[in-house]
Amino acid sequence: RACEREIHMVSTLLDLSRLRAGGTLRFQAGSSVDEAVREAIASETEAAEQAGVQLEVSFEGDAPPSMMDLTMVERAVANVVRNAVGVSKPGQRVRVQRSLRPSTDGRPGAFAVVTVQDEGPGVPDAIRRTVFDPFVTSAVASSPKDVGVGLGLALAREVARAHGGDLE
């Protein structure tokens, strides 16, 4: 497990560095954001069960096929879900919802919005403005979450921005 964690950390660091250096993603036409969300949930289900945290997922409407790097979007969503599970106590829930929002920038179609909501204590005020910066990490009061390396949310934001969105 320790080796797998190290490999995951190095892979995340390399992906983050590649995106920040302007590296390209592997965009594929006809990709499904719902598939990315389902895969992210599947990858985090075991950890949630071990923590006694219930994962709930819902999809509003039918998301049209889109152009995205399915693997990276799945990793980004999984990183956010992993953080939400990590700050949740046994018996709490993490809700993941995909909704659609009309485009406001003149592009045709709609934007997919993925919301991850947990019942944890919230982001500490001290790191609210920097929580998506690499290597920013902090203990979360009254939470079972271990202090991480601070790469998951940074990668998730870079992936969202590379797809024309953002993470907040």
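The values are calculated or read from the model by the stated rules, or taken from the named source; none is laboratory data. The structure presented is a predicted model; accordingly, all values stated were derived computationally and were not measured. No Cβ is skipped: glycine too gets one built from the backbone with ideal geometry, and neighbour counts run over all protein chains shown. Ligands, DNA and RNA are excluded from the accessible area calculation, which covers all protein heavy atoms including side chains. Shrake-Rupley method; radii C 1.70, N 1.55, O 1.52, S 1.80 Å.
Here the 3J(HN,Hα) profile of region 107-124, calculated from phi with Karplus coefficients 6.51, -1.76 and 1.60 at θ = phi - 60°, is 6, x, x, 10, 9, 7, 10, 10, 10, 10, 10, 10, 9, x, x, x, 7, x Hz, Gly and Pro shown as x.
Under 5 Å between amide hydrogens, built in the peptide plane, is the criterion, and for Phe111 it picks out Arg101, Ser103 among residues at least 5 positions away or on other chains. Would you kindly calculate the translational diffusion coefficient of region 44-168, applying Stokes-Einstein with the Kirkwood radius from alpha carbon pairs, for 20 °C and a viscosity of 1.002 mPa s, and quote it in µm² s⁻¹ without decimals? My calculation gives 138 µm²/s for D.
Round to a whole number: what % of the accessible area of region 49-168 belongs to carbon and sulfur, probe 1.4 Å?
Carbon with sulfur: 51 percent of the solvent-accessible area.
In this rough spin-label picture, where each label sits 7 Å from Cα along the Cβ direction, the Ser43-Thr71 distance is 1.0 nm. Simple spin-label estimate for Glu168 and Phe27 gives 2.4 nm between the two label positions (7 Å along the Cα-to-Cβ direction from each Cα).
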